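Comments concern the structure below.
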Amino acid sequence: MSTTLQIDQMTLEEKLSAMEELWDDLCQREEDVPVPQWQKELLEQRERLIERGSAQFADWETAKKRISERTS
């Protein structure tokens, strides 16, 4: 099945709705979504840190600032 969206003609609300529908569909078949080994290893490492109680968390505003600084 082929679907073509006229993205440039969609409203913001329509675009967000389409993204939500796509995401919901992908979540129904998450085993079909490839995950690189490095991402699996990173997740396992972070889970171990949480289990040991040594993970550090940042609030969203701090995280956004760090991301912005790294990508600017």
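Using the beta-carbon distance between ARG66 and ASP24 and R0 = 22 Å, what value does 1/(1 + (r/R0)^6) give for FRET efficiency, to the nearest 0.05? Please list the in-between numbers first.
Working: r = 30 Å, r/R0 = 1.36.
That gives a FRET efficiency of 0.15.
In a fully extended conformation the segment linking GLN39 and SER17 would gain 5.1 nm over its present Cα-Cα distance, using 0.36 nm per residue.
So what is the 222 nm mean residue ellipticity for the chain from helices alone, if each DSSP H run of at least 4 adds -39500 (n - 2.57) and you divide by all residues, rounding to the nearest 500 deg cm²/dmol? Before the final figure, lay out the partial values.
Working: 3 runs with 45 residues, N = 72.
It comes out at -20500 deg cm²/dmol, rounded to the nearest 500.
Just so you know, all these numbers are worked out from the coordinates, no wet-lab data involved. Because the structure is predicted, anything quoted here is derived from the model rather than measured. Glycine also receives a Cβ, built like all others from the backbone with ideal geometry; neighbour counts cover every protein chain displayed.
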